[in-house]
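The values are calculated or read from the model by the stated rules, or taken from the named source; none is laboratory data. On a predicted model such as this, the values are computed, not experimentally measured, just so you know. Cβ: placed from backbone, ideal geometry, glycine included. Neighbour counts: every protein chain shown. Please note that ligands, DNA and RNA were not included when accessible areas were found on the heavy atoms of the full protein model with its side chains. Shrake-Rupley method; radii C 1.70, N 1.55, O 1.52, S 1.80 Å.
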Amino acid sequence: RARASSRASSRRHPSSSKVPQFSRNRNKGMTKSTTVGQYVVSKSIGQGTFGKVKLGIHTMTSEKVAIKVLQKSKIKEAADVERVSREIAILKKVNHDQVVRLFEVIDTPQAIYLIMEFCEGGELFDYIVKHTRIKETVAVKFFHQIIDGIDYLHKTHVIHRDLKPENLLMQRRPEGWHIKVVDFGLAKVVSGKTWTLCGTPDYLAPEIILNEGHDLAVDYWALGVLIYEMTAGMPPFYADDPMEVYEKILSATMQIPSHFSKNLSDIVKKLLKTYQSKRLGNTKG
């Protein structure tokens, strides 16, 4: 069974290696003054595997930022060190308006602080819950933004591997909500196939479940689950038993809601193809 990511869909249903020197800006750790570097650290706005995400305020500009706190005491295994190192390397590498921006990395004896863009709208997950389901016209707008970000990542050979509403944040712009792809803890730079078992159960592509080796096409599958979930208000493959969920995924057994337009239905069916080579968006198909 594939290992679920740090924020599995429980709300929806039920080393000898060293941490590399990421920055010369060192502090003695977060003290009671709740400051780190040039940032005043405020309330928690999220939770990750290795620590919390905090709201931060830049002391000179008053700009709001999100501070992802990676507690070194929780980064014990070699695999965890590799995961953190990989996430930071990818965030430093990417630069796109649809992908969360990393401003600075502060390395202290107790923790590593990732200073990132602040998205005041929170998770797309909460937006879906608030609206029960999103109107198709709005969902398609969001979907195009997400695709834009994923297409950029794929061109830089990065696969996200954990696309879900919890990993899509909303930033307010004059023209409306702007979606940002976040959380690269399971992302990887690849040039071909990889065999790591990872992801969140509801969004796993069949090839991950079967451990057949996967590539960029796993993100297209997750995009199919996303557009369905945004417009239906629930995931396409749902069951109380995770094994039953996997069975439905492997057979692509789902019901298309009657309110889906023909175009939306076609897109969902083409993205949720069990064979990677036939999946919409795959360069092989």
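The table below gives the values:
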| item | result |
| --- | --- |
| Packing rank of 120-131, 83-94, where each peptide gets the mean count of other beta carbons within 10 Å, highest leading | 83-94, 120-131 |
| Spin-label proximity, Lys135 to the stretch 151-182 - amide N less than 15 Å from point 7 Å beyond Cα toward beta carbon | 176-177 |
| Sorted peptide list for 197-210, 253-266, criterion being average Cβ within 10 angstrom, highest first | 197-210, 253-266 |
| Modelled FRET efficiency - R0 30 Å, Lys93 with Val40, Cβ distances, 0.05 increments | 0.55 |
| log10 of Debye I(q)/I(0), alpha-carbon scatterers only, for the stretch 217-261 at 0.20, 0.22, 0.23 Å⁻¹ | -0.67, -0.80, -0.86 |
| Estimated vicinal HN-Hα couplings, Hz - the stretch 125-130 in sequence order (Karplus 6.51, -1.76, 1.60; Gly, Pro = x) | 3, 5, 5, 5, 4, 4 |
| Kirkwood-Stokes translational diffusion coefficient of the chain, alpha-carbon pairs, 4 °C, 1.567 mPa s, µm²/s | 66 |
| Mean accessible surface per residue for the chain, computed with a 1.4 Å probe while every protein chain stays in place, in Å² | 49 |
| Sequence-distant residues sharing a close amide H with His96 (under 5 Å, placed H) | none |
| Kirkwood Rh in Å, taken over all unlike Cα pairs in the stretch 33-130 | 14.3 |
| Directionally averaged shadow of the stretch 171-285, computed from the convex hull of its alpha-carbon atoms, nm² | 8.6 |
| Dipole of the chain, positive direction: furthest Cα of Val53, Phe125, Thr156, with charges on the beta-carbon | Val53 |
| Relative compactness, the stretch 63-195, computed as alpha-carbon Rg over 2.2 N^0.38 Å | 1.11 |
| Rounded percent of accessible protein surface that carbon and sulfur make up, the stretch 163-232, 1.4 Å probe | 54 |
| Solvent-accessible area, 1.4 Å probe, carbon plus sulfur percent, for the stretch 28-131 | 51 |
| Counted charge near Asn263, where neighbours are those whose Cβ lies closer than 12 Å (Asp, Glu -1; Lys, Arg +1) | +1 |
